[in-house]
Amino acid sequence: MNTKVPVYVISGFLGSGKTTILLHMISHFRNTGKKPGIILNELGDENVENHLFEGQQVVELLNGCICCTIQDDLKTTLKGYINEEIDVLLIEGTGVANPLEIKDVLLDPLYMDHFELQSMISLVDASHYMEYQSFFNSSKEIRALLKEQVTSANLLVLNKIDLVSEKELNKVEAKLADELDNHVPIYRTSFGEVPLELMLEKRFHVREVSHSHSTHEHTHQHHHHHIEATKLRVESPVKKDVLEKQLKKLSKHVIRAKGIIQLADDSGYFEFQYAAGQLRLNKIEEPNGITPTVVLIGDKLEPDKMERFYKELTEQ
């Protein structure tokens, strides 16, 4: 199998400086002889900044938001990039995109063998953040969106600090600390100037569990990292009731689960989604080339629990 293409997702509210960060990254990759693929998303029917990306391999997703109305377009674009010779993929969502939905697509078993999420980079405009938190100056929807953009971050860039006082900056950071996990770094900057080694560090980790690996081989691998997803190869048929029962056992830590499985109860392959205690299955008519896979997404997905889940699922 070919090496997976590393993927970086850049998000942030309108005017936070996403494009500046993106251009820095593109310049770095070009200067080091790497070919980046770029996915830009705009709400309108025209990207007014497309002149900034002349000569780049850019796919523009217009007239919608990656995470909702044109999510299918994102999937189609990713399929197209599977056969392209690129060294890295950069995705910039709209200023009103929920990056968790973008991550959700990248963690689809159909794309996980081709793309490897490295980091979710979120930008915050220090000069407007507290204003957006105000009940008088913003809407409930804006506050919810900002929370989604912050909580999804593996690295948070606090931009435009030159426009605020140190006292105001401390208020912003205190508010952000309430939203962020302890392990997520905050980098203060102006004009989107962030060291490349900081932005390019791999901060998102997926553990892979399959029958061909011993416990020791895949449980110590990311001991010092916050594990957000576990990928399990499940090549033998599983029973629907067993799958549902085992997922419910993990409900304390698993926020979402998805995948493609072969059911023992029904000869065929099914795509499944699991959230809020509900399991939904859809039959796949042409499963050619599909490897049955379960992806668990959540918090504190401890190795022993993942081992137990895999064992209960496969030893029927």
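The values are calculated or read from the model by the stated rules, or taken from the named source; none is laboratory data. All of these numbers come straight from a predicted model, not from anything done at the bench. Cβ sites come from the backbone with ideal geometry, for glycine too, and all protein chains shown count toward neighbours. Note: areas computed on protein heavy atoms with side chains; ligands, DNA, RNA excluded. Shrake-Rupley method; radii C 1.70, N 1.55, O 1.52, S 1.80 Å.
State which residue is modelled with the highest pLDDT when the search covers only the stretch 1-28 and only residues that are over 20 Å from the mean Cα position of the chain (by Cα) and farther than 30 Å from residue 133 by Cα. Once the filter is applied, the top-ranked residue is 28. Does the stretch 248-278 hold any residues that are within 23 Å of residue 152 (Cα to Cα) and in contact (Cβ under 8 Å) with a residue 60 or more places away in the chain, and which are they? Within the stretch 248-278, 256, 258, 259 qualify. Exactly one residue out of 201, 116 is touching a residue at least 12 places away in the same chain (Cβ under 8 Å), surrounded by fewer than 17 Cβ atoms within 10 Å (Cβ to Cβ), within 21 Å of the chain's Cα centre (by Cα) and not in a helix (DSSP H, G or I), and it is 201. Against the test of being farther than 30 Å from residue 288 by Cα and not in a loop (DSSP other than H, G, I, E, B), the options 122, 127, 138 yield a single qualifying residue, 122. Within the stretch 154-167, residues that are without any contact (Cβ under 8 Å) to a residue 40 or more places away in the chain reach partners that are surrounded by 21 or more Cβ atoms within 10 Å (Cβ to Cβ) and of a type outside the set (Lys, Arg) with beta carbons closer than 6 Å, at six or more positions or on different chains, in the pairs 156/122; 158/124; 158/126; 161/126; 164/126.
Among the residues making up the stretch 134-153, those that are within 11 Å of residue 176 (Cα to Cα) and open to solvent by 20 Å² or more (accessible area, probe 1.4 Å) are 147, 151. Among the conditions (1) of a type outside the set (Phe, Trp, Tyr); (2) touching a strand residue (DSSP E or B) at 6+ places or on another chain (Cβ under 8 Å); (3) modelled with pLDDT of 85 or more, residue 207 misses just one, which is (3). The residues in the stretch 113-138 that are modelled with pLDDT under 90 and not polar (S, T, N, Q) can be counted, and the count is 5. Do we have any residue at all in the stretch 308-316 that's at pLDDT below 85 and of a type in the set (Val, Ile, Thr)? For the stretch 308-316, residues at pLDDT below 85 and of a type in the set (Val, Ile, Thr): present.
Residues in the stretch 155-167 that are of a type outside the set (A, V, I, L, M), open to solvent by 10 Å² or more (accessible area, probe 1.4 Å) and in contact with a strand residue (DSSP E or B) (Cβ under 8 Å, 6 or more places away or on another chain): 160 alone.
Any idea how many residues of the stretch 168-184 are without any contact (Cβ under 8 Å) to a residue 40 or more places away in the chain and open to solvent by less than 40 Å² (accessible area, probe 1.4 Å)?
2
Under the condition of being open to solvent by 10 Å² or more (accessible area, probe 1.4 Å), in a helix (DSSP H, G or I), under 29 Å from residue 128 (Cα atoms) and at pLDDT below 85, the residues counted in the stretch 72-103 number 2.
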